[in-house]
Amino acid sequence: MTTAEKTTDTTRTTDTTRTTRATGTSRTTWASGSDDPTAWWSTDRVAGLAAERLEAEVVDLAGRLSAGTFELLVLVGELDARGLWARWGALSCAAWLADVCDVEVATARTQVRVARAMRDHPALHAAMADGDVSYAKARVLVPHLSTSNVDALLALALANPAGRLGAAIAAWSQRHEDPDDVARRQHHERCVSWRTGGDGMVTITVRVPPAVAGAMCAVIDAEVTRAGAPAGASLGQQRADALLHLLTHGGSQVDAEVVFHVRGDGTTLADGTPVSDHVVAGLLPEAFVSLLLVDAQRQPIDASPRRRTPTRRQRRVIDQTQHQCAHPGCSARTFLQYDHIQPYATGGPTVLANLQRLCGPHNRARNGPSVGD
Ligand SMILES: [Zn+2]
């Protein structure tokens with residue numbers, strides 16, 4: 001760790017219960033309000049950097065930061081294993097870390113968890129040392145690691161970007177874990193919590209198994225559709241209104257449909273969240289099952305062209321293949337309506353090749369009221 005490391009105030013020695021790590025001679029602080037124009041952080045120097053040099057410095061520093069994070073985790077792992085934090089009266093290594101390094105407790109807890117996993121699984125340690133697995137990915141990976149799956153999960157981490165790793169692990173677990181274990185774990189980890197943010201707003205977090213989430217989200221969106229939005233409300237705002245209405249007025253009148261896509265390579269909700277076959281089997285007795293036939297190129301095989309409104313099956317196919325509004329440049333992804341590319345009135349058939357999805361405004365701009373039902 002060199003000049004990029006942030007040092008916290010090292011004069012906290014007045015508080016005798018705290019410790020500060022000895023500072024190395026090469027360390028530079030992030031000076032606040034410094035007017036030294038020769039310092040590397042000075043606004044003048046940075047403003048004078050050529051584009052390539054600026055890019056190179058960002059890439060270089062990002063690399064040093066992740067190398068620094070790795071080093072930090074190695075040290076934290078050792079400190080945790082030796083139990084040194086207890087000497088300072090801290091209740092846990094994470095509590096010590098949060099206090100001394102001035103980070104949030106949740107951040108410190110994650111760091112300790114990853115540091116421990118690196119000691120438990122040398123393959124993870126090696127992958128992180130080589131820079132193959134970033135801390136961002138390790139954080140996602142670690143809660144699921146065991147000695148029996150570490151190689152497979154590390155392969156997933158290499159093959160998927162950090163943002164998609166969670167879903168990839170879930171899909172893998174579904175194929176390789178006992179479905180009863182998955183169901184039991186997911187049920188056990190159900191949780192609702194809330195916390196107040198600095199802006200005074202409260203964030204409510206709900207963790208539920210995928211099939212439950214599918215049903216909850218479908219009910220919220222059904223209420224959004226039923227209620228009709230106040231002018232200018234964003235989708236997020238409409239969902240907040242809908243959720244509040246459901247909680248205060250009861251949601252039993254709302255009729256919502258949850259779609260599960262059951263395929264050879266696994267079952268998912270419409271947004272790609274994996275659901276175990278076990279759950280699907282449990283739902284089957286009361287579910288409406290619609291078979292979707294595809295040809296060798298995985299293109300859906302079509303249905304009736306004469307009726308005006310697309311069949312339920314056609315809508316499912318379009319939903320699965322067209323994820324956003326077909327209007328050029330529009331990225332709307334929710335509450336899309338079905339539209340005949342060649343209008344039905346001028347003989348356009350109701351076949352998949354002639355159907356597209358448009359957001360409300362673009363569909364109205366083209367046709368007036370929705371073609372779908
Ligand atoms: Zn649109």
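Please treat every number below as a calculation from the coordinates, not as lab data. Remember, it's a predicted structure, so these values are computed and weren't measured experimentally. Using ideal geometry, Cβ is built from the backbone for each residue, glycine included, and neighbour counts are taken over all protein chains shown.
Summary of computed values
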{"read-out": "Distant-in-sequence amide H partners of residue 327 (H built 1.01 Å from N, under 5 Å)", "value": "359"}
{"read-out": "From phi via Karplus (6.51, -1.76, 1.60), per-residue ³J(HN,Hα) for the stretch 136-143 in Hz, x at Gly/Pro", "value": "4, 6, 4, 4, 6, 6, 4, x"}
{"read-out": "Label-point separation, residue 311 to residue 265 (7 Å along Cα→Cβ), nm", "value": "2.6"}
{"read-out": "Two-site label geometry, residue 46 and residue 320: point separation in nm, points 7 Å out along Cα→Cβ", "value": "5.0"}
{"read-out": "Simple spin-label estimate for residue 185 and residue 225 in nanometres, 7 Å along Cα-Cβ", "value": "3.4"}
{"read-out": "Mean Cβ neighbour count within 10 Å, used as a protection proxy, ranking 139-145, 45-51 highest first", "value": "139-145, 45-51"}
